[in-house]
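Colleague: I have a structure here, written as structure tokens, and I will follow up with some questions on it.
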Protein chains: 2
Amino acid sequence: MSELSPLQKARYVYKPKLPKMLRNGISEICVKEGEVTQSVADQEKIKALFPNTYGKKEITFEKGVNTSLSKKQVVGVILSGGQAPGGHNVVCGLYDALKATNSDNILYGFKKGPSGLIEDDFVEFDDAFIDQYRNTGGFDIIGSGRTKLETEEQFKIAAEVCAKHGITAIVIIGGDDSNTNAAVLAEYFATHGTGVQVIGCPKTIDGDLKNEDIEISFGFDTATKTYSELIGNIERDANSAKKYWHFVKVMGRSASHVALECALETQPNICLISEEVAKKKMSLSQIANYIADSVEKRSAKGMNFGVAIIPEGVVEFVPEFSTLIAEINELLVGKKADEFNALASWEEKYAFIKKGLSEDSFKVFDILPQAIQQQLFLERDPHGNVQVSLIESEKLFSALVKDVLAQRKAKGTYNGKFNALHHFFGYEGRCAFPSNFDADYCYSLGYNAFMLIQYGYNGYLSKVSNLSKPADQWLAGGMPITKMMNIERRHGEDKPVIRKALVELDGKPFKYFEAHREVWAVETSYTYPGAIQYYGPVEVCDLTTRTLALEKGE
Amino acid sequence: MSELSPLQKARYVYKPKLPKMLRNGISEICVKEGEVTQSVADQEKIKALFPNTYGKKEITFEKGVNTSLSKKQVVGVILSGGQAPGGHNVVCGLYDALKATNSDNILYGFKKGPSGLIEDDFVEFDDAFIDQYRNTGGFDIIGSGRTKLETEEQFKIAAEVCAKHGITAIVIIGGDDSNTNAAVLAEYFATHGTGVQVIGCPKTIDGDLKNEDIEISFGFDTATKTYSELIGNIERDANSAKKYWHFVKVMGRSASHVALECALETQPNICLISEEVAKKKMSLSQIANYIADSVEKRSAKGMNFGVAIIPEGVVEFVPEFSTLIAEINELLVGKKADEFNALASWEEKYAFIKKGLSEDSFKVFDILPQAIQQQLFLERDPHGNVQVSLIESEKLFSALVKDVLAQRKAKGTYNGKFNALHHFFGYEGRCAFPSNFDADYCYSLGYNAFMLIQYGYNGYLSKVSNLSKPADQWLAGGMPITKMMNIERRHGEDKPVIRKALVELDGKPFKYFEAHREVWAVETSYTYPGAIQYYGPVEVCDLTTRTLALEKGE
């Protein structure tokens, strides 16, 4: 029923590039064991929680005689959480390595995410099926879902499903939480002698699954290139029409890697970084004044236009705003919510709010534009909590900036024009055709994941590194997931988790941004990346992110 | 200060393809005169208004000895109105032909649109300047503006500016209105014996400057490909997550060509076409029910997700909504606006509105979500009129659909989930790097515009046709603008204008859509076009729109 686009047909025949050590055929891949590992922190506690899978060795693959046991493998793969470009290629790489090793091997795909494993709902892949998804975006090959595999009961069912179908290994493609759960499942399988192995693959467009072992999570490259294409186009529009300030919100609730990478790619006038806002304990008014300074300086040079990037989650990092949200959540508990909802007019509700909030929080509330005030109170989740993700922070900040500018105009320090337009980019980038980088990286992750299975590893993350270099210089191997873990407080309990990577304010990408942003705020220094290219010059098609290049000192 | 992206550097060296007849060098281009033309309607009136420029011959260029007079040309070029990808290439093509003809020829660029001519504000182009803009998006080379050249006084100043600088011709790059004004200016220059020629070039991403002579306006191809990239990505996301309905508004106030082309490229579940809404005199409720039918049928098949394309201007085509807007504009004239604004609460305002509107219009008003009701009354332009362009029609329709579904759920005919997300794509596509098609077409339009100047034509539109074929089969020439004109009522006066091209409901593109949309509404027939490609296979990089292919019967 679907018609294939010319690009989709062309992408089907693209051959993803593998690391050199995986290019010699299955029979020529051997394992080189590295050092015994320990977790990045809380070693004793993590060791106690993972007696069977802790302290294993890092491994890399290299050219040599394949010494793995010949055993029929039946593997199940799961796509977990939000979409990221390249997920299909992980499955394709896994499938190709599995079939090249033994044509009797079987790959199952559990449908709609982790719940597919629990519900015993899967498909079996064959060539014709796989070939429809090579080098394409999306997770539609089997669907994805957000069910978390974390309870003993789920693990028990998972073991039963595996036993029923003779499954020898599970590959979980997911973010930090999903890979944490993969490690726990691996430990469970080992403890219970199921013989089923678990391998994880690092996915998330947010870029926050990253550490000394994992250089980048897949999808981040393609998603940020897609957003940067659009931001660059908007910058060019702003610089042509010369009459609008564009406030562009980009995805990224907990970390600002996406915003930062887009800023490095496009050189906008303003980019907020949530981690910096938190560190400096910035208030809404400070942020608004910071942006207004750029508007004013540019206006003085005759440029009543600009572009500001706003990370999706930034308001949650503003201390006074978080406090306000917490107070609102308290204010609307139980009967008080009914009382509030019964009030007919906004005026009465406003009076109720004024009475219920602390003086400081009411001050914060009171500077918000009315539309945002109403959003905070009228749209709440089933638990009565404010839905922070629904707050249109791009409109919030442009409204606050407008107020600041009106005050400055009244004082006579500013005499420009300020017209704002708003955008939110997120869903546009999660299912794009993967860039060559993501197509290659993901295919390698999947191929590599199968080699880890074949060599009997359990509780490992598929690891491909040296990624800022051309693919033939990439290194393939595996890392025990427990190495990346520490203990964190989650929902009132100490939990072993993979640490989420935030933007490091003393890291090279942020430092580069910091060194340039004063000039960018005043001048028009826009860079126009254009659409992702899959063919053509290498420097146009194959480079990965500025973030990684800067991290690598390139 | 700006850093050049790898793609921008690569695009600098792209050589746009000219029609074959323009490839032999300037000395080998001769004119073939065609038939004497007459306007598409109102011939006597148009002829009377354009005594000097009416009834001229269509011309095409062909290979042969160049017989144009050798005369030093000083040309001024103007970018008029909204940005469209390829504008820079029109300037580059014009510059290259002008300099190839005589290196003493001069090209000026008037700054910030038509006002640059009146304000005598321009730059002189040279190679280094031009080379920075080859095959790039945007109008930032000289800026654009929306000043209309239409008064006798403006024409007089224009003539003086031309005389002062020895300007021999003006090239106006614009939409239907700008080219109408170009024709009037051409006639003025002829009547007053200035000797200055005027040539127009057909620009607009909206696609509504199109007729039997002009197959497509430039920018439409690139803009719709950019929007289709994003819509395709969102479709893939919808089909992966399987939990959201995406309502996507696309630019296009007066015609739905953009929405239709995007629908042909991406095969969404729903696409509204404003012209059909007007023809069938559809109500908001009919439209909401039409969309809800798709939601319900898909839900019955287990698919609680979908994609709907909404053309920006559609609400203005809903008769009952236009009436409502007209009544609101009446209601808020003069003192009544002050009275309304003095009311403190929305409840009081609502009562005021209820009293002031006709019963029918109040019914329409009353089914709108409150946020839209408030938008209509709180955000008005300096004349007190409703700002229809600010109405978030994507949110309006999803809210109406939600209401319809709630009613159906109450009746027990529908039992699905409906969660909506909203997008607006417009500014993202106006300044993209032009597709190969737009890069080639625009360069040809500019090159061709100079040949029209060199051969002494005035009041012509640069015409390049046979565009659904490869560039070497394109035809280059010129058409008197008066041929495309008719008389229309504008602001209470009869005016000679180029007729705006709306989507023809009996045309082949709409017929194709109509024949498929019932299936698309229920099945998942999405097509994923991906990002614009500039390199790689011809079928991926060089094809123009589905609309044009269908119009040509291909």
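Colleague: What is the number of the single condition among (1) of a type outside the set (Gly, Ala, Ser); (2) in contact with a helix residue (DSSP H, G or I) (Cβ under 8 Å, 6 or more places away or on another chain); (3) closer than 30 Å to residue B:25 by Cβ that residue B:509 does not meet?
Modeller: (3)
Colleague: Let me ask something else. Being crowded, with 16+ Cβ neighbours inside 10 Å, basic (Lys, Arg) and away from every other protein chain (no Cβ under 14 Å) is the filter here; which residues of the range A:343-387 pass it?
Modeller: A:380
Colleague: A further question on this structure: State the number of residues belonging to the range A:98-140 that are in contact (Cβ under 8 Å) with a residue 60 or more places away in the chain, away from chain B (no Cβ under 14 Å) and surrounded by fewer than 24 Cβ atoms within 10 Å (Cβ to Cβ).
Modeller: 3
Colleague: Same structure again: Just need a number here: residues in the range B:6-53 that are out of contact with any strand residue (DSSP E or B) (no Cβ under 8 Å at 6 or more places or on another chain), among the small types (Gly, Ala, Ser) and more than 18 Å from residue B:436 (Cα to Cα).
Modeller: 3
Colleague: Just the residues that are more than 14 Å from every other protein chain (Cβ to nearest Cβ) and of a type in the set (Asp, Glu), please, taken from the range B:487-538.
Modeller: Scanning the range B:487-538 gives B:488, B:493, B:494, B:504, B:506, B:514.
Colleague: Output the residue which, of all residues in the range B:15-28 that are in a helix (DSSP H, G or I) and of a type in the set (A, V, I, L, M), is surrounded by the most Cβ atoms within 10 Å (Cβ to Cβ).
Modeller: Among those that are in a helix (DSSP H, G or I) and of a type in the set (A, V, I, L, M), it is B:22.
Colleague: While we're here: Out of curiosity, is residue B:237 touching a residue at least 24 places away in the same chain (Cβ under 8 Å) and not in a strand (DSSP E or B)?
Modeller: Answer is no for this residue.
Colleague: Still on this model: When residue A:427 is evaluated against the numbered criteria (1) within 28 Å of residue A:259 (Cα to Cα); (2) of a type in the set (Phe, Trp, Tyr); (3) not assigned by the TED database to the domain that holds residue A:536, which criterion, by number, is the only one it fails?
Modeller: Only one criterion in (1) within 28 Å of residue A:259 (Cα to Cα); (2) of a type in the set (Phe, Trp, Tyr); (3) not assigned by the TED database to the domain that holds residue A:536 is unmet by residue A:427, namely (3).
Colleague: Are any of the residues in the range B:405-418 more than 27 Å from residue B:280 (Cβ to Cβ) and in contact with a strand residue (DSSP E or B) (Cβ under 8 Å, 6 or more places away or on another chain)?
Modeller: Taking every residue of the range B:405-418 in turn, none turns out to be more than 27 Å from residue B:280 (Cβ to Cβ) and in contact with a strand residue (DSSP E or B) (Cβ under 8 Å, 6 or more places away or on another chain).
Colleague: Same structure again: Give the residues of the range A:240-259 that are within 12 Å of another protein chain (Cβ to nearest Cβ) and assigned to a loop (DSSP other than H, G, I, E, B), sorted by residue number.
Modeller: Correct list: A:242, A:243, A:244, A:251.
Colleague: Filter the range B:260-283 down to the residues that are among the β-branched types (Val, Ile, Thr) and part of a loop (DSSP other than H, G, I, E, B) and list them by number.
Modeller: B:273 - this is the single residue of the range B:260-283 that is among the β-branched types (Val, Ile, Thr) and part of a loop (DSSP other than H, G, I, E, B).
Colleague: What residue, of A:49, A:7, is at pLDDT 95 or above and either in contact with a Phe, Trp or Tyr (Cβ under 7 Å, 6 or more places away or on another chain) or buried (at least 22 other Cβ atoms within 10 Å of the Cβ) (or both)?
Modeller: Answer to the check: A:7.
Colleague: Anything in the range A:418-466 that is under 20 Å from residue A:176 (Cα atoms) and of a type in the set (A, V, I, L, M, F, W, C)? List them, or say none.
Modeller: A:431, A:442, A:445, A:449, A:452, A:461, A:464
Colleague: Got a number for residues in the range A:423-441 being assigned to a loop (DSSP other than H, G, I, E, B) and surrounded by 24 or more Cβ atoms within 10 Å (Cβ to Cβ)?
Modeller: 8
Colleague: Find the residue count for the range A:340-366, including only residues that are closer than 18 Å to residue A:326 by Cβ, assigned to a helix (DSSP H, G or I) and modelled with pLDDT of 90 or more.
Modeller: Number of matching residues: 13.
Colleague: Regarding residue B:445, is this residue closer than 18 Å to residue B:321 by Cα, in contact with a Leu (Cβ under 9 Å, 6 or more places away or on another chain) and buried (at least 18 other Cβ atoms within 10 Å of the Cβ)?
Modeller: No.
Colleague: Are any of the residues in the range B:390-405 at pLDDT 95 or above, buried (at least 20 other Cβ atoms within 10 Å of the Cβ) and in contact with a Gly (Cβ under 9 Å, 6 or more places away or on another chain)?
Modeller: yes
Colleague: Would the range B:100-107 turn up any residue that is charged (D, E, K, R) and either under 18 Å from residue B:203 (Cβ atoms) or in contact with a strand residue (DSSP E or B) (Cβ under 7 Å, 6 or more places away or on another chain) (or both)?
Modeller: Within the range B:100-107 (the criterion being charged (D, E, K, R) and either under 18 Å from residue B:203 (Cβ atoms) or in contact with a strand residue (DSSP E or B) (Cβ under 7 Å, 6 or more places away or on another chain) (or both)), the answer is no, since none of the residues qualifies.
Colleague: Is it the case, given these coordinates, that residue B:161 is part of a helix (DSSP H, G or I) and buried (at least 23 other Cβ atoms within 10 Å of the Cβ)?
Modeller: The answer is no for residue B:161.
Colleague: Checking residue A:143 against (1) within 14 Å of chain B (Cβ to nearest Cβ); (2) crowded, with 22+ Cβ neighbours inside 10 Å; (3) of a type outside the set (Asp, Glu): exactly one of these is not met. Which one?
Modeller: Residue A:143 satisfies all of (1) within 14 Å of chain B (Cβ to nearest Cβ); (2) crowded, with 22+ Cβ neighbours inside 10 Å; (3) of a type outside the set (Asp, Glu) except (2).
Colleague: Look at the range A:29-46 and say how many of its residues are surrounded by 20 or more Cβ atoms within 10 Å (Cβ to Cβ) and not in a strand (DSSP E or B).
Modeller: 2
Colleague: Suppose we filter A:534, A:512, A:528 for residues that are surrounded by fewer than 20 Cβ atoms within 10 Å (Cβ to Cβ), touching a residue at least 60 places away in the same chain (Cβ under 8 Å) and not assigned by the TED database to the domain that holds residue A:208; which single one remains?
Modeller: After applying the criteria, what remains is A:512.
Colleague: Surrounded by 23 or more Cβ atoms within 10 Å (Cβ to Cβ) and free of Cβ contacts under 8 Å to residues at least 12 places away in the same chain - does that describe any residue in the range B:256-272?
Modeller: no
Colleague: Kindly provide the set of residues from the range A:392-423 that are on the phi < 0 side of the Ramachandran plot and small (Gly, Ala, Ser), ordered by number.
Modeller: A:393, A:398, A:399, A:406, A:410, A:416, A:420
The values are calculated or read from the model by the stated rules, or taken from the named source; none is laboratory data. From a predicted model like this one, the values you see are computed outputs, not experimental measurements. Note that we place each Cβ from the backbone using ideal geometry, even for glycine, and neighbour counts take in every protein chain shown.
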